[in-house]
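Heads up, the thing below is written out as structure tokens.
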Amino acid sequence: MAAVTDGVILQVGGLHPTAERELATTYGAVRLPSGPERAAFLDERGADVTVAVTGAGMDAELIGALPRLAAVINLGVGYDSVDVAALKPRGIALSNTPDVLTDCVADLAVGGLIDVFRGLSASDRFVRRGEWAAGRKFPLQRRVSGARVGILGLGRIGRAIAHRLEAFGCTVAYHNRRRVDDVPYAYAATPVELAHDADAVIVVTPGGTGTQALVSAEVIAALGPDGYLVNVARGSVVDQDALVTALTTGALGGAALDVFTDEPRVPEELFALDNVVLLPHIGSATVETREAMAQLVLSNLERFLADGTLVTPVPL
């Protein structure tokens, strides 16, 4: 693809301050308005936009309103909020920000596992409520070391999680669409099989239609009342209704959840459960990682404007 030397760069949604500053000062980017001003902006300037930089996704309607759009540069490793089907027929390029967030998401996944097994958040609340001072004892929890942990999605992040769990002496298994040849971990042919033989399952698959409700009611039942679920992927990967039912009825031992199906809305039934850790989608939310993601977004933009290629293209 040839270099893009003209046209408007459009910022869609909020981005990291570094990215926003550079987009405005170096590239003269304009931000897509919200509310009633949005339609007027697209009518007036939509035909001038050649590159969109987004942290909020792009639907087919917005993509269709940008007839000269040549690239979508996405802040985040997941791009399920971008309508890829609308990009493909027009040959619009797409990039994401892989690798730079691997360690922080893996750290959080293991942290969530430790928290829900040992009841860290729950015991903190126990102390703050004054129950320890009142002479009550916090109930015994579960040991992390030596646990059997299934990883649903053994990509970059999944491997990083597995590597961390090895230090805890955990037995690691995994399920992917395809078997991975260069790892020592046992392969489970289905998510149900993975859950059946695990004390906990950590979900790290991409979102999108291909993984919708991959963690089904059957998978949750296979984990059972002594099993735990950790989700640092996308809320859509888990059947949330089945998960809530299992947690509120005791059919699942506990869960650590960083993602939900309708963020930022979280099922209120989970609020009172001490065996559930609820996080506000903070997998990559560290100073170091968000800065690295912003820099990778800018590198993708610079490369695309220079020669029409991307540093981290998503194969469509």
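The values are calculated or read from the model by the stated rules, or taken from the named source; none is laboratory data. Since the structure is predicted, the reported quantities are computational estimates derived from the model, not experimental observations. Because the Cβ atoms are built from the backbone with ideal geometry, glycine has one as well, and the counts that use them run over all protein chains shown. The accessibility values were calculated without ligands, DNA or RNA, using every heavy atom of the protein model including side chains. Shrake-Rupley method; radii C 1.70, N 1.55, O 1.52, S 1.80 Å.
Translational diffusion coefficient of segment 78-160 (Stokes-Einstein, Kirkwood radius from Cα pairs, 4 °C, 1.567 mPa s): 78 µm²/s.
Taking segment 58-99 and a reference point 7 angstrom along Cα→Cβ of Val30, the backbone N atoms nearer than 20 Å belong to 58-59, 61-73. Only DSSP H runs of four or more residues enter the estimate; each adds -39500 (n - 2.57), and after division by the residues of the chain the mean residue ellipticity at 222 nm equals -10000 deg cm²/dmol. Amide H contacts of Ile151 (H built 1.01 Å from N, in plane; Pro and chain starts excluded): Ala173, Tyr174, His175, Ile202 sit under 5 Å, all sequence-distant by 5 or more or on other chains. In this calculation the C-beta distance from Ala272 to Asp6 is compared with R0 = 45 Å, giving a FRET efficiency of 0.20.
Taken along the Cα-to-beta-carbon direction at a fixed 7 Å, the label points for Glu218 and Asp197 span 1.8 nm. Taking 30 Å as R0, compute the FRET efficiency from the Cβ-Cβ separation of Asp59 and Asp241 and round it to 0.05. Once rounded, the FRET efficiency stands at 0.75.
At full extension, Ser299 and Tyr187 could sit 36.6 nm farther apart than now, given 0.36 nm per residue minus the alpha carbon distance.
Largest to smallest in accessible area, the residues Tyr187, Tyr228 fall in the order Tyr187, Tyr228 (1.4 Å probe, all protein chains included). For segment 129-145, putting each phi into the Karplus relation 6.51 cos²θ - 1.76 cosθ + 1.60 with θ = phi - 60° gives couplings of 6, x, 6, 5, 4, 7, x, 7, 10, 6, x, 4, 10, 10, 7, 7, 4 Hz, in residue order, rounded to whole numbers and with x for Gly and Pro. Subtracting the Cα-Cα distance of Lys88 and Asp226 from their residue separation scaled by 0.36 nm leaves 45.3 nm.
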